[in-house]
Amino acid sequence: MDKWSIETTDTIGIFGMTNAILLDTLIRAEGGPTECTGNPNVKRTAYAGYDFAWPSTLCPAGEVQSVNDYYVNTDTRTIEGKDTSVMYEIDTDVGDFGFKLMHVHYDTFNQAAGGDARRLSDAANGTLAGLATVRGIDSLLNLNGRIDDKYTAKMTVEKGSISIDGVSLTVINSKTSSFSVSIIPHTYENTTFKNIKKGSRVNLEFDSLVRWQT
């Protein structure tokens, strides 16, 4: 088991449409009736009146028409967690099998507020109280696909056959977290292998009986 902690600064992220509209509201509220521009990234229609009395402390503004979202350098991001792995290897007459099960648990995924996000966070209990919450700060666990537990299982068989993107190949070297295969030039040139690069995703299937029967 490994326990780890990662801290990064100036992480690039999307400011977010909700945050952009909140910033527009904050700028207008702080500027008073003479502040009619707000956040330039928020485009509004011309003011045409509403079915309620417009506050005299704000410059009249129309409805939001579009938001130009943009990237920002966020403040410190802290990620902490634990890695647990179980590995097992067994040699048989059919082939040499390798198994690996890994569990990653995230204890912390926290994004500190910086720049305009800090400005919005500071106003959350004041000028912006009761409105939408600031997005993308504080704990981000279980938000936008950031789950707190991930499981990965791997299995390889040496001296057996493995199918990579539908092409059956012979495994010649099987390790705990990787394996090597034998491939002839004709197969390489006439399949998708010539387009595969480091980091490419491929479909894997294996059948040790194919090798055993031959």
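Values quoted throughout were computed directly from the atomic coordinates according to the rules given, and no laboratory measurement underlies them. All of these numbers come straight from a predicted model, not from anything done at the bench. Cβ placement follows ideal geometry from the backbone for every residue including glycine, while neighbour counts extend to all protein chains displayed.
Computed from the Kirkwood radius of its Cα pairs, the Stokes-Einstein diffusion coefficient for region 62-157 at 20 °C and 1.002 mPa s stands at 123 µm²/s. Shape of region 20-64 from its Cα gyration tensor (a ≥ b ≥ c, root eigenvalues): rounded if a/c is under 1.5, otherwise prolate when a/b > b/c, or oblate? Verdict is oblate for region 20-64.
Packing around the peptides 10-16, 83-89, 198-204, taken as the average count of other Cβ atoms within 10 Å per residue, puts them in this order, highest first: 10-16, 83-89, 198-204.
Counted residue by residue at 0.36 nm each, then reduced by the alpha carbon distance between them, the extension gain from A132 to Y47 reaches 28.3 nm.
Here, P(r) means the percent of Cα pairs in each 10 Å bin from 0 to the largest distance; for region 120-180 it is 17, 23, 15, 15, 12, 13, 5. Length gained on full extension, N142 to S66: 24.5 nm, using 0.36 nm per residue less the C-alpha separation. Annotation: amide H-H contacts under 5 Å for R44 (H modelled 1.01 Å from N, sequence separation of 5 or more, or interchain): Q65. Amide H contacts for L141 (H built 1.01 Å from N in the peptide plane; partners 5 or more residues away or on another chain; cut-off under 5 Å): F109. The peptide list 24-36, 113-125, put in order of mean Cβ contacts within 10 Å with the highest first, becomes 113-125, 24-36. Compactness of region 1-78 was expressed as the Cα radius of gyration divided by 2.2 N^0.38 Å, which yields 1.55. Ranked by the mean number of other Cβ atoms within 10 Å per residue, highest first, peptides 63-71, 164-172 order as 164-172, 63-71. The count of lysine pairs in the chain whose Cα atoms are under 23 Å apart, excluding pairs fewer than 8 places apart on the same chain, comes to 20.
Sorted from largest to smallest, which semi-axis lengths in Å does the alpha carbon gyration tensor of the chain give for its equivalent ellipsoid, taking the root of 5 times each eigenvalue? Mind dumping the intermediate values first?
Working: eigenvalues 643, 94, 34 Å².
So the equivalent ellipsoid measures 57, 22, 13 Å along its semi-axes.
Tilt of helix 17-31 relative to the longest C-alpha principal axis of the chain, in degrees (0 to 90, nearest 10)? Its long axis makes an angle of about 20 degrees. On full extension, the segment bounded by T11 and R118 gains 37.0 nm, given 0.36 nm per residue less the C-alpha separation.
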